[in-house]
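Inspection log for the structure reproduced underneath, given as structure tokens.
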Amino acid sequence: MKTTVKDKNLQYKLLDTESENNLFTALEYSERLILFIGAGLSKDTGIPTWKKLLGEIYLKAFGKEIEIEDGDELKIASQLEKQCVVKKIGFYDEIKRIINGRKLPHLAVHEHILKADFFSRITTNFDNVLDSAATGTLKNYNPQYWPRFRISHINTDCTCYLHGNVFVNDINNRIIFTEESYKEAYEETDYIKRLLSAITYENNILFAGFSFNDFEFVALFEKIFTMKKDEMWAEFGPHFILLPSSLREAEYSGYKQKYHDFLIALNVKPIYFIVEGDSYINLHHILDYFIRKMKKPQLLDGTI
């Protein structure tokens, strides 16, 4: 049952007082709070989901539509990359073309994210939303890319593109988008796992744009947490995750239930926001509110 949120600024945006309490608990840890950005934060910018993006490229490469199942994205991406070579289609050029074809609306929430005093920002997104928001907003924008990203960058107020950025043509920017690239990044070397393990252990994380039914999100955490020792778990976190309200009462099965329980056990506190239709605009509102309330905002113009 939904309970009334006490703060009027959050009313009709947060699901219940438990979510409100978790939000204010997150504020208490804001001095070492890292914002971990997932695809959901780009949902209201017009950029297609990973599945829809792959579907558009698949239609062009194979001349037919495809229904992509959860967990098959990497496999389909690998097939497409190979087929695009045969068809003489630039795979990553197609990704950029599709994203550029969407007119980005006003990116106020992303501008606020870049201005605010998060300890640093990490994203598994490969789009140009943050870069676009940084243009004309920040004097010193400090993006870092895999595989050159190091844990020391966390202390420099950076934005880390953990899986690369398709819009950056740089030898130090490697895109992790296919089965082969994931295997190289996560299995052939354990550097990303060790890096994320250290970050989640030494800092507090606010996850935005991820969910428990996001296959890649839970797979990522499986890789991280398998490296942790039992005795470390008692000291882990707290971390926080912004989730759509539909997941509050959702029935979990299989890996979804496993990881839902796993993350809760590891002190990742959910903050449920109410979804309006297909829009995640309340996610933006809550982040905006959170940034206004942070302990030490650092803004170029002194305002949000």
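Nothing in this text is a laboratory measurement; each read-out follows from the coordinates by a stated rule. None of these values were measured; they are calculated from a predicted model. Please note: Cβ atoms are built from the backbone with ideal geometry, for glycine as well, and neighbour counts cover all protein chains shown.
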Relative contact order computed over the stretch 1-116 (Cα-Cα under 8 Å; 6+ residues apart), in percent: 20 percent
Magnitude of the charge dipole, the stretch 66-184, Cβ model with Lys/Arg +1 and Asp/Glu -1, debye to 20: 480 debye
With the Cα gyration tensor of the chain in hand, convert its eigenvalues to equivalent ellipsoid semi-axes via √(5λ) and list them largest first in whole Å. 29, 22, 21
Defining a contact as two alpha carbons under 8 Å apart and six or more residues distant in sequence, what relative contact order in percent does the chain show? 26 percent
Label-point separation (nm) for residue 170 and residue 24, each offset 7 Å from Cα along Cα-to-Cβ? 4.1 nm
Can you tell me how much longer the chain between residue 189 and residue 8 gets when fully stretched, taken as 0.36 nm per residue apart minus their C-alpha distance, in nm with one decimal? 60.3 nm
Net charge dipole size for the stretch 8-144 [Lys, Arg +1 and Asp, Glu -1 on Cβ; Debye, nearest 20]: 700 debye
Which is farthest toward the positive dipole end of the stretch 50-100 among 62, 86, 98, measuring Cα position about the Cα centre, with Cβ charges +1 (Lys, Arg) and -1 (Asp, Glu)? 86
With point charges of +1 on the Cβ of Lys and Arg and -1 on the Cβ of Asp and Glu, referenced to the Cα centre of the chain, which listed residue (268, 50, 237) lies farthest in the positive direction of the dipole? 50
Quick one: if the Förster radius is 22 Å, what FRET efficiency do residue 202 and residue 278 give, using the C-beta to C-beta distance and rounding to 0.05? 0.05
Test item: Cα-centred dipole of the chain, Lys/Arg +1 and Asp/Glu -1 on Cβ, debye: 680 debye
Considering Cα pairs under 8 angstrom that are at least six residues apart, work out the relative contact order of the stretch 50-100 and quote it in whole percent. 36 percent
Which listed pairs, of 75/96; 75/256; 13/269; 60/82; 43/82, have C-alpha distances above 22 Å, in listed order: 43/82
Beta bridges by DSSP in the chain, antiparallel share as percent, to the nearest 5: 10 percent
Compactness index (Cα Rg / 2.2 N^0.38 Å), the stretch 50-100: 1.02
The stretch 11-30 and the stretch 54-88 have their Cα centres apart by a whole-number Å value of 40 Å
Counting each DSSP H run of 4 or more residues in the chain as -39500 (n - 2.57), what helix-only mean residue ellipticity at 222 nm follows after dividing by all residues, to the nearest 500 deg cm²/dmol? -11500 deg cm²/dmol
Applying 1/(1 + (r/R0)^6) with R0 = 30 Å to the Cβ-Cβ distance of residue 31 and residue 180, what FRET efficiency is obtained, to the nearest 0.05? 0.15
